[in-house]
1. Report yes if some residue within the stretch 75-88 is touching a residue at least 60 places away in the same chain (Cβ under 8 Å), in a loop (DSSP other than H, G, I, E, B), within 27 Å of Val28 (Cβ to Cβ) and touching a Ser or Thr at 6+ places or on another chain (Cβ under 9 Å); otherwise report no.
2. Of (1) open to solvent by 10 Å² or more (accessible area, probe 1.4 Å); (2) modelled with pLDDT of 95 or more; (3) out of contact with any strand residue (DSSP E or B) (no Cβ under 8 Å at 6 or more places or on another chain), His136 satisfies all except one. Which?
3. Please tell me if Ala58 is aliphatic (A, V, I, L, M) and part of a helix (DSSP H, G or I).
4. Just the residues that are within 21 Å of the chain's Cα centre (by Cα) and closer than 20 Å to Gly301 by Cβ, please, taken from the stretch 255-280.
5. Just give me the residues in the stretch 299-310 being open to solvent by 50 Å² or more (accessible area, probe 1.4 Å) and either within 16 Å of the ligand (Cβ to nearest atom) or of a type outside the set (Lys, Arg) (or both), in sequence order.
6. Every residue in the stretch 346-377 that is more than 14 Å from Thr400 (Cβ to Cβ) and touching a Pro at 6+ places or on another chain (Cβ under 8 Å), please.
7. Taking the stretch 103-158 on its own, how many of its residues are of a type in the set (D, E, K, R), within 13 Å of the ligand (Cβ to nearest atom) and in contact with an Asp or Glu (Cβ under 8 Å, 6 or more places away or on another chain)?
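The values are calculated or read from the model by the stated rules, or taken from the named source; none is laboratory data. In this text, all values refer to a predicted model and were calculated from it rather than measured experimentally. Glycine also receives a Cβ, built like all others from the backbone with ideal geometry; neighbour counts cover every protein chain displayed. Just the protein is used for accessible areas: all its heavy atoms, side chains included, with ligands, DNA and RNA removed. Shrake-Rupley method; radii C 1.70, N 1.55, O 1.52, S 1.80 Å.
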Amino acid sequence: MTSLTAVDPARIDALATELRTLLGEACVTTEAASLERASVDGAGMSPLIKELLPLGRAQLVATPTSKDLIAATVAAAVRHGVPVTPRGKGTGNYGQGIPMGGGLVLDTSRARRILDAGNGWIEAEAGAVIWAMEQHANRNQQQLWMYPSTAQSTIGGFVAGGSGGTGSIANGLLHQGFVLAVEVVHALPEPTVVRVEGADAVPYLHNYGTAGIITAVRVGTEPAQPWRALLASFPTYEQVVGLMRPLASLTPTPRLVSGDRAEIAACLPADLAIPAGRASLRAILDEASVADATALIEAAGGTVDRVLEGAQHTVKLSMNSYNHPIEWLQKSSAEPYFHVEVLGDALVDDLAAVEAVYPGGMLHIEAQRDRPIGMLAAPYVSPAQVLEGFDRLAALGVRTHNPHQWAVDFEPERTTALAATTDPLGLLNPGKLGAVVHEHTGTQM
Ligand SMILES: Cc1cc2nc3c(=O)[nH]c(=O)nc-3n(C[C@H](O)[C@H](O)[C@H](O)COP(=O)(O)OP(=O)(O)OC[C@H]3O[C@@H](n4cnc5c(N)ncnc54)[C@H](O)[C@@H]3O)c2cc1C
């Protein structure tokens, strides 16, 4: 599994020469440290994948500075028969960004212009930082429908590799209407950019660039709201979990509600000031619902420790939601931890049984409008231990997503059929279509 493939160096040299003319010297590199950096992503979050690293190595990195240059770079690579692995900020956490076929890593992070914005939408080049798009929208009294906890990541990487985050309680996952249009370049010898809108854009989402490299994205915005960051603490985690449904049902709908056991809360950054030994609830609430939320929290036996105004406070809660508490737990612990992404009513109704699936199991929970989602973390023993737990979770009615494998698992047949026409030579992000490592892929959230 760990044998690395590499492209004939003569073809890499020829492509590098062409790209230096096209993009300029400063935008093309074969320097070892840059190749190394471009060959890793957040896959280290999975101890199962970590055991298999390195899984690929870039031979060339290009950083085009506009969407047109992204398209021209892809066309040049195709003409030279060199695989292309697209990359935003490289925060994807299953190894989807590792260049398993060697070749070119196309780093979009300098093609980052915000192109235009209006009532209900904003459009940007693929490498635009999501938080910069939120700030741009805010200046027009708008806000993004959603953004991931990695708010500093790129919009192209988010729609190609992510799923949801802050804003998902009201607006669902990113393939459920958030992406209004994408411009995509197909792997053909002439730069072939297509613009697809609405439902036609969905086949290009969450499949790691395997059916086309996204050059620009238009996503949904809505009128900005006066958000507040609320931090509350409780004697027990069960009290926090019991509030997920009532808080998700508040009007206006919260932007985020995250909960953690005291053991995980203790690993979070100190400036979140969670009282020692207490379970933590962190929410981004419209100011109009703070009083109702406070009443619910106090009735459940909790204490509201702080309510803060300002984007610097709300984004801090976002950046400590979803996978981040697990990452902090991993950083703080001497023993390795793994996690499984989980969804279902049992997270609230049968917390003890869910956590008992793995010895030492601890659930990080996020409220959603229909069913809560979370990350179930536990000390890591072996791949078999992790995979056996999937069946036991299914028996509890919990749906899972397996973050320990990098194959496209969102509508893979649809992507394979599309890629057969848009990437006939199989040059886009090779290794991500079909080959499933750690066979139990979960039941798809
Ligand atoms: C601690 C932690 C917390 C996270 N929290 C969240 C979260 O709340 N919500 C969430 O959805 N995700 C989350 N993620 C996953 C990831 O950080 C996000 O999805 C992020 O938005 C990815 O953006 P990026 O710029 O880092 O993309 P990258 O990691 O660079 O790329 C992601 C994937 O998309 C492909 N890609 C990149 N750019 C393009 C392009 N222009 N065209 C086609 N394909 C492309 C890459 O090849 C790769 O397969 C988290 C990850 C970690 C490690």
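1. Scanning the stretch 75-88, I find at least one residue that is touching a residue at least 60 places away in the same chain (Cβ under 8 Å), in a loop (DSSP other than H, G, I, E, B), within 27 Å of Val28 (Cβ to Cβ) and touching a Ser or Thr at 6+ places or on another chain (Cβ under 9 Å), so the answer is yes.
2. (3) is the only condition that His136 fails.
3. no
4. Residues satisfying the conditions are Val257, Ser258, Gly259, Asp260, Ile264.
5. Ala299, Thr303, Asp305, Val307, Glu309
6. Result: Val348, Pro359, Gly360, His364, Ile365, Glu366, Ala367.
7. Within the stretch 103-158, residues that are of a type in the set (D, E, K, R), within 13 Å of the ligand (Cβ to nearest atom) and in contact with an Asp or Glu (Cβ under 8 Å, 6 or more places away or on another chain) number 1.
Per-residue answers, yes or no, for (1) more than 21 Å from the chain's Cα centre (by Cα); (2) within 14 Å of the ligand (Cβ to nearest atom):
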position	(1), (2)
Asn323	no, yes
Ile326	no, yes
Lys331	no, yes
Glu335	yes, no
Val342	no, no
Leu351	yes, no
Val357	yes, no
Leu363	no, no
